[in-house]
1. Working only within the stretch 111-124, note down all residues that are at pLDDT below 85 and surrounded by 15 or more Cβ atoms within 10 Å (Cβ to Cβ).
2. Would you check if Gly318 is modelled with pLDDT under 95, at positive phi and not assigned by TED's automatic domain parsing to the domain that holds Val184?
3. Note down all Cβ pairs under 7 Å where the first residue falls in the stretch 1-21 and is at negative phi and without any contact (Cβ under 8 Å) to a residue 40 or more places away in the chain, the second is assigned to a strand (DSSP E or B) and among the aliphatic types (A, V, I, L, M), and they're at least six residues apart or on different chains.
4. Residues being of a type in the set (Asp, Glu) and either surrounded by 15 or more Cβ atoms within 10 Å (Cβ to Cβ) or outside the structural domain of Asn127 (by TED's automatic domain parsing) (or both): count how many of those fall in the stretch 70-110.
5. State which residue pairs qualify: first residue closer than 30 Å to Asn339 by Cα and inside the stretch 143-171, second residue modelled with pLDDT of 80 or more and of a type in the set (A, V, I, L, M) in any location, beta carbons under 7 Å apart, and separation of 6 or more residues or different chains.
6. Looking at the stretch 221-229, can you tell me whether even one residue there is loosely packed, with under 15 Cβ neighbours inside 10 Å, at pLDDT 95 or above, more than 25 Å from Asp108 (Cα to Cα) and among the small types (Gly, Ala, Ser)?
Amino acid sequence: MFDYPGVIHVHSTYSDGSACYDGISRAAAKAGVKFLMINDHDTLGELHKKGERYINGVLMLIGAEISPPTNHFICYDVKNLPNNKMMPNDYIKNINQQGGFGFLAHPDHRANKYFQPQSMGWNEWENLSHHFGIELWNYFTQWTNRASSFVNLIKAIFNPAWCLQEPCEKVKSGWDKLAQKRRVPVIAGVDAHGGRQLGWFPSILSSYVKQFSTLRTHVLTTNQLTGNEIEDRNMVLDALRNGRSYLLNYTAGKVENFKFTAIYKDKSWHMGDELKWHKGIKITSRLPKGSHARIIKDGKTIYQTNEKIINIPVKKPGVYRMEVFRKRGRCLIPWIYTNHIYIRTV
C-alpha cells in the first residue's frame, strides 16, 4: 500500500477563505501535502469552471460544505449540490443518489462568544437513515471549543498545538456503535480559512501553511499516484469513501507509512476493510518511536502498550481500531486515529 498525506476541509475565496486556488496549492506544497480537498460553502464554482486538477504539484479535489445553520455536511464526487434548506436525511440521500459521498462536518462544534454565538454541531445524527461518514477531528472546532475564555483565547492564538485534544468522546462512542452495523469512514478536517497571511505569527489565524500543519488525513492506495489527475483523483476518493485512511495530529510529529492490519494465514486486511472472523486472525502494527497505543474493540479498550511491535490474536469478531499517543514527559499527546477494520461473523 502507498501512503499519501492530505488536508481536508479547506475554504477558498469562493466562500469565506482568504486565498484563491493557486495560493492555497502553493501553501499546501510548502507544507508537504500531496492532495487537498476544497469545501466551500454551498458552491462547486471552480469545479464547473476549471475542474479538479494538479496545481503546483498538489492534487486539488473539489467538494462543498452544505451549510444550513446547524448540521453541516461536507461532500465529494458530486456535480450538483442539494439545497441547504433540505432536511439532513434528504440532502444526504441526494448526494448518495448522485454517486457521491460525504461526512458529517464538525459534529461537536460548540458555540463560542468570540467567534460563533451559535453551535454548528450535529443533532441526533445517530438516527440518520442514509449512508454517511464522520469528520471525527476538526481543527477549527477544537480551536474554538478550547478558546472559550479570554485566557484560553490568548493561549490558542500563541500555541495552536495546545488546542488539539482527543476527538470528542461522544462522537467516538456514536461512531463505534454505528460501525458495528455498517462501515463508517472517518476523516480529520482542518476547516482552514487562511487569514492575515503573517507567516511569522504562530497562530491559527495567520496562514494556510500553518493550518495545513495541524490535522491531516493519510490515504492508503494500492497503486502509486502518477500525476494523472483522473486516475489519482479516483484512487484518493476511493480511499476516503471506504475508510482506507488514518488521521494524524501533525503537530505531535510526522508519520509515514503507518500500518494497522489484520492478518490471517497469507492474507492481510487494512483500515476500512471488512472480513469474516476466523480463529487465528491477528491484529498487527508497528508504532512510531515514543508511542503509547490502545486497541479499541466495539468502543472499548482491550489492549494497551508502549512496545514498538503489536501482534495480538483476535479472539472475537468486532470492529477494531487503534489510537496512538505521543509520549512527552508524563503527557500523552493524541497523535494517530485509525479507521476501523471490520471483523464480522458473516
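1. Looking only at the stretch 111-124, we keep the residues that are at pLDDT below 85, and these are 111-121, 123-124.
Passing the criteria: Asn112, Ser119, Met120, Gly121.
2. On the way: modelled with pLDDT under 95: no; at positive phi: yes; not assigned by TED's automatic domain parsing to the domain that holds Val184: yes.
No; evaluated as a whole, the condition is false for this residue.
3. From residues that are at negative phi and without any contact (Cβ under 8 Å) to a residue 40 or more places away in the chain, the pairs are Ser12/Ile38; Tyr21/Ile55; Tyr21/Met60.
4. Initial filter on the stretch 70-110 (of a type in the set (Asp, Glu)): 77, 90, 108.
Of the ones still in play, those that are also either surrounded by 15 or more Cβ atoms within 10 Å (Cβ to Cβ) or outside the structural domain of Asn127 (by TED's automatic domain parsing) (or both) are 77, 108.
Qualifying residue count, the stretch 70-110: 2.
5. Short answer, once both residue conditions are applied: Pro167/Leu136; Val171/Ile134; Val171/Leu136.
6. Checking the stretch 221-229: at least one residue is loosely packed, with under 15 Cβ neighbours inside 10 Å, at pLDDT 95 or above, more than 25 Å from Asp108 (Cα to Cα) and among the small types (Gly, Ala, Ser).
The values are calculated or read from the model by the stated rules, or taken from the named source; none is laboratory data. Keep in mind that what you see is a predicted model, and the values were worked out from it rather than measured. Backbone-built Cβ (ideal geometry, glycine too); neighbour counts: all protein chains shown.
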